1. Pick out the one residue from Thr53, Thr100, Thr45 that is within 23 Å of Arg454 (Cβ to Cβ), over 16 Å from the mean Cα position of the chain (by Cα), modelled with pLDDT of 95 or more and surrounded by 19 or more Cβ atoms within 10 Å (Cβ to Cβ).
2. If a residue must be free of Cβ contacts under 8 Å to residues at least 60 places away in the same chain and within 19 Å of Ala603 (Cα to Cα), how many such residues does segment 555-566 contain?
3. Considering segment 482-502 alone, what residues qualify as being touching a Lys or Arg at 6+ places or on another chain (Cβ under 9 Å) and either among the hydroxyl-bearing types (Ser, Thr, Tyr) or free of Cβ contacts under 8 Å to residues at least 24 places away in the same chain (or both)?
4. Which of the numbered conditions does Leu360 fail, given that it passes all the others? Conditions: (1) part of a helix (DSSP H, G or I); (2) open to solvent by less than 40 Å² (accessible area, probe 1.4 Å).
5. Take segment 496-514 and flag every residue that is closer than 24 Å to Thr578 by Cα and in contact with a helix residue (DSSP H, G or I) (Cβ under 6 Å, 6 or more places away or on another chain).
6. Restricting to segment 118-161, name every residue that is among the hydrophobic types (A, V, I, L, M, F, W, C), under 24 Å from Phe362 (Cα atoms) and more than 21 Å from the chain's Cα centre (by Cα).
7. In this structure, is Arg368 without any contact (Cβ under 8 Å) to a residue 24 or more places away in the chain and either under 30 Å from Ala424 (Cα atoms) or part of a loop (DSSP other than H, G, I, E, B) (or both)?
8. Return the residues of segment 31-89 that are closer than 21 Å to Ala366 by Cα, touching a Phe, Trp or Tyr at 6+ places or on another chain (Cβ under 7 Å) and assigned to a loop (DSSP other than H, G, I, E, B); say none if nothing qualifies.
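The values are calculated or read from the model by the stated rules, or taken from the named source; none is laboratory data. Keep in mind the model is a prediction, meaning the values are calculated, not measured. Cβ atoms come from the backbone with ideal geometry, glycine included; neighbour counts cover every protein chain shown. For the accessible areas, the whole protein counts, side chains as well, though only heavy atoms, and no ligand, DNA or RNA atoms are used. Shrake-Rupley method; radii C 1.70, N 1.55, O 1.52, S 1.80 Å.
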Amino acid sequence: MESDKGESPYRGQSSSRVRLEWLGEALLIGALLIAPWIYGAVEDTVRYALCATVLVASALFLWPDLRHGALPRGAGGALAFPALALLQIVFRQSVAPIMTVEAALVAFAMAVVWAAIDARGGSSSTNSSRRLSFAVLLVCVSESAFAALQWSTDRRALFGQRGDFQTMPFGSYVNHNNFAGLVSLAVPLAIAMAIGDLRRSGKLTPRGLGLMGLAVGLVIAVFASGSRGGAVALVGGLLILASISAQMRKRRGRKAVWIGALVTTLVIVIGGALAVPSATRSRLVKLFDKGGSADYRVDIARASWRAFAHQPLMGSGLGAFADAATPFKEGHGDVRSERAEADLVEFVVEGGLLFVGALLFFGRWAWRSVKQEIVEGRDRSGKWLRAGAFAACATMLIHSLFDFGFRIPANALAFAVLLGIATAQSEVPRIPRRGLSLGLFALLFVVAGACAYRSLGAAGERAALTRKTPESRLEALQPLVDAHPYLSHARRQRGLAWMALAYSNGQYEPSRLQRASSDFEAVISARPQWGEAHADLGWVKYFQADTKEAKEQMSLATRFDPTHVGVGIASAQLMAWTGDLAGALSEISRLRLKNPQWSKASARDLASSWTQDPVVLGSIQ
């Protein structure tokens, strides 16, 4: 994989072509190093810019193979994501088609990174696998150092600032769990690289000793973050590394290997735990403490199961979890549940049995590829690098039982890189498919262009939504939505601006209401189960004097988002204004049952705007 004596299979290629491969590798390393620092690249502008970058990087990295007609064996796996998305849309399984298209773009970009490294990592003479591994270690060490500095000054601040969405920030991430998901990857990788260095040199070198010290420091960082899922995943990843080492040294006796590996794991884990404050240790040991977080996770898990049972075969659409699970929520209406708090749960909901089966098949294939190299391969240091990379990937998979690291682009990119290093084969048969390989090369640039276009749209949306008045916001949204009609949030905001501007002198201007209605209808077409959009359209229909349609839209809104306090209040208000006082009071009672945090006093204040009857108001519980 990373042998210094390796030779390129295409020694006759010109230096310019070699430079293309190096440029691709440099872009990948740059993406690895930069992405985590921009809040994990979760904001759409950065997310799609990152995808465009890694697609171009992968195309350049693969160019020596593609030029000679060698199609990467992982190309089919990468194309499986857009293929599944197309099936879900064609067969009307996706509850949010536009979200499915966008999720397929991101998943395809990350899968292409894996396919590129898997294809080139085993045969390249540029030591690319080793450099990419050190890039992962470097960014994790930098994140840990920054987290320690920031934690010592203000634990609630991120880059010196506080915000409503910064739930327990750590490092450059708004949530400590996302930080732990990235940094925990590097621990088994660093340990395995240290062992590989020892095996290669026959003695403990300064580099090997430094890698072991780095691993201990990263363990401390993970524990200090307070992420319980990260701590469990870290221990699990180290145990998996020990299991792999037993496979590698089976002739020496597995028992001795297991004992040594377990002792090493315990020493590292205990040392890391003792290095953090006692308050953090107390949080880590309370894996199943009762509280708002645990209750929310249970509620969203139940909703996820019901969403899966509703569409079990092909799922509800890639990227469509929020719209798929929300209709089945039982509480926590003050939270828009964009994530399942567990990636593996989201995969089941979004892809159904078809996607889960494909993932299991791929996992079995990946393990066989890794096992073949680490058991039968001749390069001792390369075997340990593969073993560490695979254990790091297993660490993130375990973490996915507790968090949504795969939805954080920076973390997903690190996973894709490490998986490519783990599965890369020393000798990959190259079957000439010149037309297909050049077609893939062109496709990567086309999709990269689409991602760049999407990034520009996200940047325009972000700028437009900073406008304070409906007039200025509409001025910015008009050209933006016309140029990027797929932006459902921006189109909804444009509809709301039209609706706000339609009211003047006690009445609504019909043409502006019609424009608002057109925008809301387009949003619902792209995301049929978005309850808030149905509620918006319901109000427009009411203002247009179409009471029947208004009630139907409000009914759909409460059906698709039954716990949303704002949607429920809007529905009750519409019922009261159209003469259905009993229905309005019933809706308030239902909403209070779903959301106990919505106070009884607030509910009675709302009802008092419809009636002053003390008996009626007293009946509200």
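1. The conditions single out Thr53.
2. 2
3. Tyr486, Ser488
4. The failed condition is (2).
5. Initial filter on segment 496-514 (closer than 24 Å to Thr578 by Cα): 496, 498-514.
Those that are closer than 24 Å to Thr578 by Cα and in contact with a helix residue (DSSP H, G or I) (Cβ under 6 Å, 6 or more places away or on another chain): Trp498, Met499, Ala500, Leu501, Ala502, Tyr508, Glu509, Arg512, Leu513.
6. Hits for segment 118-161 are Ala119, Leu132.
7. Considered against the rule, which asks whether it is without any contact (Cβ under 8 Å) to a residue 24 or more places away in the chain and either under 30 Å from Ala424 (Cα atoms) or part of a loop (DSSP other than H, G, I, E, B) (or both), Arg368 comes out as yes.
8. Gly74
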